[in-house]
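Report on the following structure.
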Amino acid sequence: MTHNHPLEQWLAQERETTARLDAGAGPGVARREQIAHLTGLQMMQAMLRGELPYATIARTLDFLLVEVDEGRAVFQGTPGAAHLNPMGTVHGGWFATLLDSALGCAVHTRMPPGRGYTTAELGVNLVKALTPQVQRVRAEGRVVHCGRQLATAEARLTGPDGTLYAHATTTCLVFDLPAQSRA
């Protein structure tokens, strides 16, 4: 029995996901009529299949959604030279953006049609420096609570060897989306 190293598994999953996304809608913003009838989970699954556009910032900062299910979202990122701070380590803003994406998308999977959310609070704890020598990291977000007005989630940013680089929490406001204009 062959056991692939986690990095090999991550890279294979990244290749498959990238191929789907590149063949699909590409980066951008979904039109309201494309998503109005979908739950947040259905929307995230359609995005992962390449049927709906994914967020442009993912291309800008070299990360992508690789897994999504009820109350959970996983993003994989490639720390690179473009993300370094003047000290030669990955900038905390890159950590925060990757973690915020996992947290928010985990919350998004819990939204029924017509409901949305926005981040009200984001807390990030950087516990270990990250350099491009670490080929990939994953941010896994999980919903802790999702109510009528507030949702909370937590996430961890880890390397393929299990090293913890950061962890984060969020509080999101949950609300009804404005009715679609008939104009």
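The values are calculated or read from the model by the stated rules, or taken from the named source; none is laboratory data. If you're wondering where the values come from, they're calculated on a predicted model, not measured in any experiment. Heads up, the Cβs are rebuilt from the backbone with ideal geometry, glycines too, and the neighbour counts pull from every protein chain shown.
Scan the range 27-43 and give yes if some residue there is more than 27 Å from D161 (Cβ to Cβ), surrounded by 11 or more Cβ atoms within 10 Å (Cβ to Cβ), touching a residue at least 12 places away in the same chain (Cβ under 8 Å) and polar (S, T, N, Q), otherwise no. Don't jump to the end; show me each part of the working.
So the first thing to find is which residues in the range 27-43 are more than 27 Å from D161 (Cβ to Cβ), and the list is 27-43.
Filter once more, keeping what is surrounded by 11 or more Cβ atoms within 10 Å (Cβ to Cβ): 27-30, 32, 34-36, 38-43.
The next check asks that each one be touching a residue at least 12 places away in the same chain (Cβ under 8 Å); those that pass are 27-30, 32, 34-36, 38-41, 43.
Then keep just the ones that are polar (S, T, N, Q); that gives 34, 39.
The answer is yes; a qualifying residue exists.
Collect the residues in the range 58-80 that are among the charged types (D, E, K, R) and within 13 Å of L48 (Cα to Cα), keeping them in residue-number order.
Those that are among the charged types (D, E, K, R) and within 13 Å of L48 (Cα to Cα): E67, D69.
Among the residues of the range 53-75, is there at least one that is polar (S, T, N, Q) and in a loop (DSSP other than H, G, I, E, B)? Before the answer, list the steps.
Within the range 53-75, the first condition is being polar (S, T, N, Q), and the residues that meet it are 56, 60.
Still in the running and in a loop (DSSP other than H, G, I, E, B): none.
No, the range 53-75 has no match at all.
Can you pull out every residue in the range 137-172 that is part of a loop (DSSP other than H, G, I, E, B) and either aliphatic (A, V, I, L, M) or surrounded by fewer than 18 Cβ atoms within 10 Å (Cβ to Cβ) (or both)?
Let us first name the residues in the range 137-172 that are part of a loop (DSSP other than H, G, I, E, B), namely 147-149, 159-163.
Correct list: G147, R148, Q149, D161, G162, T163.
State all residues of the range 35-64 that are among the aromatic types (F, W, Y) and under 13 Å from A25 (Cβ atoms); if no residue qualifies, say none.
Here is the first cut: in the range 35-64, the residues among the aromatic types (F, W, Y) are 54, 63.
Across the range 35-64, the qualifying residue is only Y54.
Could you tell me which numbered condition A12 fails, if it satisfies all but one of (1) over 12 Å from the mean Cα position of the chain (by Cα); (2) part of a helix (DSSP H, G or I); (3) under 27 Å from V174 (Cα atoms); (4) not polar (S, T, N, Q)?
So the condition that A12 fails would be (3).
May I ask you to list the residues in the range 77-125 that are within 15 Å of G141 (Cβ to Cβ), part of a loop (DSSP other than H, G, I, E, B) and not hydrophobic (A, V, I, L, M, F, W, C)? Quick ask: steps written out before the conclusion?
Initially, the range 77-125 is screened for residues within 15 Å of G141 (Cβ to Cβ), giving 77, 95-111, 117, 119, 121-125.
If we keep only those that are part of a loop (DSSP other than H, G, I, E, B) as well, we get 109-111.
Those that are within 15 Å of G141 (Cβ to Cβ), part of a loop (DSSP other than H, G, I, E, B) and not hydrophobic (A, V, I, L, M, F, W, C): T109, R110.
Quick one: count up the residues across the range 82-141 that are over 15 Å from the mean Cα position of the chain (by Cα) and not aliphatic (A, V, I, L, M).
Residues flagged as over 15 Å from the mean Cα position of the chain (by Cα) and not aliphatic (A, V, I, L, M) within the range 82-141 amount to 20.
Quick one: which residue in L48, L64 is surrounded by 12 or more Cβ atoms within 10 Å (Cβ to Cβ), farther than 15 Å from A139 by Cα and either at pLDDT 95 or above or out of contact with any helix residue (DSSP H, G or I) (no Cβ under 9 Å at 6 or more places or on another chain) (or both)?
On the way: L64 fails: farther than 15 Å from A139 by Cα.
Matching residue, one of L48, L64: L48.
Given the conditions (1) closer than 29 Å to F175 by Cβ; (2) among the hydrophobic types (A, V, I, L, M, F, W, C); (3) surrounded by fewer than 22 Cβ atoms within 10 Å (Cβ to Cβ), and given that L99 satisfies all but one, which numbered condition is not satisfied?
Of (1) closer than 29 Å to F175 by Cβ; (2) among the hydrophobic types (A, V, I, L, M, F, W, C); (3) surrounded by fewer than 22 Cβ atoms within 10 Å (Cβ to Cβ), only one is false for L99: (3).
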